[in-house]
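Colleague: Questions regarding the structure given below will be posed in turn.
Just so you know, all these numbers are worked out from the coordinates, no wet-lab data involved. All values derive from a computational prediction rather than experimental measurement.
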Amino acid sequence: MSIADILLGFLVAGGFFVSASVSRLFRRSMTGIIIGGVLGIAFSVVILRYGLAEFFDAAMIPSEE
């Protein structure tokens, strides 16, 4: 495991903190939980997608037709 893997893990876990901070912005708790949860998951997915882009390209096996 390299330093880059550890940093990527911290960024993905940062989605929880994004979720918690966004949920505190809303007066009603249910609204904050829903919107904060969606934004936290979206943050984690974006980090995974762009952080692991080179692995997705490397994992693709070209098909021979």
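Colleague: For Ser2 and Val45 in one chain, what is 0.36 nm times their gap in residues minus the Cα-Cα distance, to one decimal in nm?
Modeller: Result for the pair: 13.4 nm of gain on full extension.
Colleague: Test of understanding: what is the full-extension gain from Phe10 to Val38, defined as 0.36 nm times their sequence separation minus their Cα-Cα distance? Walk me through the numbers on the way to the answer.
Modeller: Values: separation 28, 0.36 × 28 = 10.08 nm, distance 1.86 nm.
Stretched out fully, the Phe10 to Val38 stretch lengthens by 8.2 nm.
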